[in-house]
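One structure is given below, encoded as structure tokens.
What follows draws every value from the coordinates through simple rules; no lab data is involved. Since the model is a prediction, treat every value here as computed from it, not as a measurement. Note: ideal-geometry Cβ built from the backbone for every residue, glycine included; neighbour counts use all protein chains shown.
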Amino acid sequence: MSATPEAIEVKPLTFRRFKDGESKVKTWQAQIFDAGHSHKCPTYIQSTPPCQGSCPAGEDIRGYLNIVRGVEKPPAGMVWQEYAFRRLTEANPFPSVMGRVCPAPCESGCNRNQVEDFVGINSVEHFLGDYAIKNKLAFKKPEQLSGKTVAVIGGGPAGMSAAYQLALKGHSVTIFDERAELGGMMRYGIPGFRTPRDVLDAEIARILDLGVVARMNCRIGTDITMAQIREDFDAVFLGLGAQAGRALAVEGADAPNCVTATSFLKAFNDGRLRHVGKRVVVIGGGDTSIDVATVARRLGHIDKVNESDRPEHAIAGHVAHDVAEASVRQGAEVTLTTVFAIDKMQASKHEVEHALSEGITIRGGMAPVAVIRGEDGRAVALRIMRCEAKMVGGRLEIKNVEGTEEDIPADLIVSAIGQTVDFTGLEEFNNGKGAINSDKNYQVQGQAGFFVGGDVVRPHLLTTAIGHGAIAADGIDRFLHSEALEKRPKIDVHAFDLKRKMLEKGLTFTEVHEPTRGTDKSTAAIHNYDNRSDRYVISHKELFLGHFPFAPRNKRGIVSLTAQEALNNFDERLQPLLESQAQAEAKRCMSCGQCFECDNCVVYCPQTAVFKVPKAKATTGRYVDTDYSKCIGCHICADVCPTGYIQMGLGD
């Protein structure tokens with residue numbers, strides 16, 4: 001067993017501004033010069049970085065990384081860790097959980113990939129989340145309550161996110177959940193060695209401490225009617241989740257030991273499932289299928305099994321006898337089949353690598369065609385066939401290769417091919433396709449005051465559900481204030497707010513009185529500045545990548561287990577960064593679309609037209625300005641701006 005960070009291969013920087021053989025000098029003179037003056041001058045344009053544009057929860061990633069790295073200073077009396085945590089949790093109240101399990105699409109979109117490797121955003125989030133729990137940071141309750149009541153149906157990531165945002169806005173929130181504990185798929189769909197229960201409980205408790213009420217073991221339509229909900233609450237959020245597994249649609253799949261991934265994981269997380277058969281076959285390819293496979297590998301099998309102790313009985317809800325303590329537990333042979341090639345699987349790459357290292361066999365490019373049953377009706381094997389899978393127009397097309405059938409012996413078969421929503425008691429909302437129709441504000445079509453989010457809209461990531469909950473909470477808040485539901489921005493993320501930052505520092509704005517024209521001498525607006533974060537994601541092509549030297553990523557320690565070590569090992573595998581590592585990793589952020597005070601523009605301006613804003617008027621994002629009486633539009637400041645924050649404009 002090892003827990004050391006991965007070995008880092010040091011390699012030279014691959015970016016070069018000019019390539020060998022280039023001889024043509026590119027000049028802007030014809031476009032920007034007109035005698036001694038120019039119609040093009042620097043403007044300061046804030047854009048959305050691709051990490052934020054890729055984050056389904058809409059986190060202000062650049063913002064909290066700039067706080068961690070020390071560019072943006074916290075208010076007096078607050079440490080940077082708390083300030084970064086509060087910026088992060090404006091969008092996501094589960095940083096410690098998501099820092100562990102989110103597949104981090106933000107990192108795939110990171111512009112730093114053009115230099116050497118992405119910024120470890122997920123690992124910094126993990127560090128901040130754990131810091132907040134260790135230091136018992138609480139959310140700040142609103143100063144005034146609205147007097148409005150909202151019912152949240154479902155206590156999963158979407159419902160908890162909506163409840164959190166609504167409570168911050170001063171509304172009284174009650175969560176209804178049919179389970180014994182809150183968390184949804186975070187608790188019942190992900191094993192504890194990926195989301196430690198004390199971490200999940202701490203982040204849920206922080207939300208409840210805002211005054212959110214939870215009614216557990218209460219199913220809408222059974223324990224309380226929707227008519228009663230309508231009568232008692234001013235608005236409703238439907239975060240039903242997709243916790244019913246999708247069964248295999250092949251012959252023989254109704255065998256008792258052929259189960260769904262959601263029921264398997266729930267039985268394990270409830271503590272009912274203590275062992276699995278000697279040979280387990282999992283069908284899937286996403287993170288859920290990896291979770292099932294790694295749990296099965298850890299549980300193993302036992303030699304002497306009474307009929308009542310078979311795993312399918314525990315999964316179905318019967319409490320199994322604790323025979324694991326009386327028999328020698330051995331490692332199960334676990335095979336995972338997927339229609340995709342292994343390198344094209346939807347599961348996180350590092351989770352696939354863990355599974356392989358733990359002795360799990362993965363068969364890529366294989367489609368299930370039948371479940372083979374024995375005389376007693378139980379499954380004894382899964383019949384598979386080679387296939388070619390590809391996405392066509394957003395739909396998965398699978399072409400089987402005839403004559404390639406083979407059987408994989410199995411004592412337990414687990415289907416991890418997707419989830420469905422249980423609409424029992426809520427049939428009125430079903431669009432006929434197992435989902436609920438909604439608009440861009442996630443308001444249910446034709447039902448004012450009803451909003452929706454999470455898997456019931458579209459099964460996706462946990463962080464996607466968190467984003468749905470936040471957007472729906474905005475819509476609910478406007479609905480409760482009788483305001484029109486406005487069109488959502490093109491890029492719907494939390495972004496740095498320069499005006500808020502100026503007010504935080506004590507800088508105020510004056511009123512505009514006619515016949516004032518222009519804003520260079522007025523404090524009524526921010527000179528030269530435009531925030532385009534709601535509509536523009538900045539590309540790496542607009543950055544000066546030559547500014548950034550090679551800097552290897554600070555990687556988290558990961559406990560790698562062999563097949564034997566994995567057996568009965570339910571300890572957490574992912575280790576957080578140290579404080580110094582988190583700060584070093586944040587410093588690798590290129591702050592795309594936002595000034596990080598490098599001084600390049602001031603140093604390289606040949607006219608001394610670009611100058612630092614006086615300290616009394618300066619703040620993050622307002623570090624430099626331009627004297628237009630000196631500027632000749634030479635474009636150098638924009639050329640050497642690492643982040644693309646300076647763009648040439650004003651003359652278009």
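Scan around Gly245 for amide H atoms under 5 Å from its own, H built in the peptide plane at 1.01 Å from N, and keep only partners 5 or more places away or cross-chain.
Residues meeting the criterion, in which the H sits 1.01 Å from N, are Thr262, Ser263, Thr420.
What aspartates and glutamates sit close enough to Lys490 to cross-link, taking a C-alpha to C-alpha distance under 15 Å and skipping anything fewer than 8 places away on the same chain?
Correct list for Lys490: Asp439, Asp534.
Determine, for Ser629, Ser54, Ser438, Ser146, the number of other Cβ atoms within 10 Å of each Cβ, and report the residues in order from fewest to most. Kindly include the intermediate steps, with their values, before the conclusion.
Values: Ser629 9, Ser54 19, Ser438 23, Ser146 16.
If I rank by nearby Cβ atoms, fewest first, I get Ser629, Ser146, Ser54, Ser438.
What order do you get for 399-405, 191-197, 607-613 when each peptide is scored by the mean count of other beta carbon atoms within 10 Å, highest first?
Numbers: 399-405: 11.4, 191-197: 17.6, 607-613: 15.4.
Put in order of decreasing packing, that is 191-197, 607-613, 399-405.
Please list, by residue number, everything in region 361-392 whose backbone N is under 20 Å from a paramagnetic label point 7 Å out along Cα→Cβ of Ala244.
none
As a quick test, which of the pairs Lys73/Lys141; Lys169/Lys499; Lys399/Lys440 have an alpha carbon distance above 29 angstrom in this structure? All intermediate terms of the calculation are to be shown ahead of the outcome.
Details: Lys73/Lys141 24 Å; Lys169/Lys499 21 Å; Lys399/Lys440 35 Å.
The pairs that break the limit, which is 29 Å between Cα atoms, are Lys399/Lys440.
Estimate the FRET efficiency between Glu406 and His460 by the formula 1/(1 + (r/R0)^6), using the beta-carbon distance for r and 25 Å for R0, to the nearest 0.05.
Working: r = 33 Å, r/R0 = 1.32.
The value I calculate is 0.15.
For Val152, list long-range residues whose amide hydrogen, built 1.01 Å from N in the peptide plane, is under 5 Å from its own amide hydrogen.
HN-HN under 5 Å from Val152: Thr174, Ile175, Phe176, Phe237.
Can you sort Leu507, Leu200 from fewest to most other Cβ atoms within 10 Å of each residue's own Cβ? All intermediate terms of the calculation are to be shown ahead of the outcome.
Working: Leu507 16, Leu200 21.
The fewest-first ordering by Cβ neighbours comes to Leu507, Leu200.
Rank-order 98-106, 371-379 by packing density, defined as the average count of other C-beta atoms within 10 Å over each peptide's residues, highest first. If you can, show how the numbers build up before the last one.
On the way: 98-106: 23.3, 371-379: 15.4.
Going from most to least packed, we get 98-106, 371-379.
Over the chain, what is the relative contact order in percent, taking alpha-carbon pairs closer than 8 angstrom and at least six residues apart?
Values: 1381 pairs, mean separation 149.2, N = 652.
Computed value for the chain: 23 percent relative contact order.
Give the angle, between 0 and 90 degrees and rounded to the nearest 10, that separates the Cα long axis of helix 462-480 from the longest principal axis of the Cα atoms of the chain.
70
Nearest 5 percent is fine: what portion of the DSSP beta bridges confined to the chain is antiparallel? Before the final figure, lay out each step's value.
Working: 34 of 72 bridges.
Bridges in the chain that DSSP calls antiparallel: roughly 45 percent.
Can you list the HN-Hα couplings for region 554-561, worked out from phi with the Karplus curve (6.51, -1.76, 1.60; θ = phi - 60°), rounded to whole Hz and with x for Gly and Pro?
7, 9, 5, x, 10, 6, 9, 10
Among rounded, prolate and oblate, which fits region 467-600 when a ≥ b ≥ c are the square roots of the eigenvalues of its C-alpha gyration tensor, a/c under 1.5 means rounded, and a/b larger than b/c means prolate? All intermediate terms of the calculation are to be shown ahead of the outcome.
Details: a/c = 2.86, a/b = 1.61, b/c = 1.78.
It comes out oblate by the Cα gyration axes.
Mean residue ellipticity at 222 nm from the helices of the chain, using -39,500 (n - 2.57) per DSSP H segment of n ≥ 4 over the full residue count, to the nearest 500 deg cm²/dmol?
Working: 21 runs with 174 residues, N = 652.
-7500 deg cm²/dmol, from helical runs alone.
Would you kindly state how much longer the chain becomes between Ala205 and His481 on full extension, computed as 0.36 nm times their sequence separation minus their alpha carbon distance, in nm to one decimal?
Details: separation 276, 0.36 × 276 = 99.36 nm, distance 2.81 nm.
Value of the extension gain: 96.6 nm.
Would you mind ranking Val259, Val334, Val152, Val250 so that the residue whose beta carbon has the fewest other beta carbons within 10 Å leads the list? Could you put the intermediate results ahead of the total?
Values: Val259 23, Val334 29, Val152 33, Val250 16.
Arranged by neighbour count, lowest to highest, Val259, Val334, Val152, Val250 become Val250, Val259, Val334, Val152.
Hey, what angle do you get for helix 157-168 against the long axis of the chain, alpha-carbon based, 0 to 90 degrees rounded to 10?
Between the helix axis and the principal axis of the chain, the angle is about 40 degrees.
Using a cut-off of under 19 Å, list every residue of region 354-385 whose amide N is near the label point 7 Å from the Cα of Asp571 along the Cα-to-beta-carbon line.
Flagged as within label range: 354-355, 357-359.
Are there GluC sites (Glu not before Pro) in region 451-518 that DSSP puts in a loop and that have at most 14 other Cβ atoms within 10 Å, and which ones? Don't skip to the answer; put the middle values down first.
Working: sites: Glu483, Glu486, Glu504, Glu511; in loops: Glu483, Glu486, Glu511.
Counting only loop positions with at most 14 other Cβ atoms within 10 Å, the GluC sites (Glu not before Pro) in region 451-518 are Glu483, Glu486, Glu511.
For the chain, find the longest principal axis of its Cα atoms and tell me its angle to the long axis of helix 121-134, 0 to 90°, nearest 10.
Rounded to the nearest ten degrees, it is 80.
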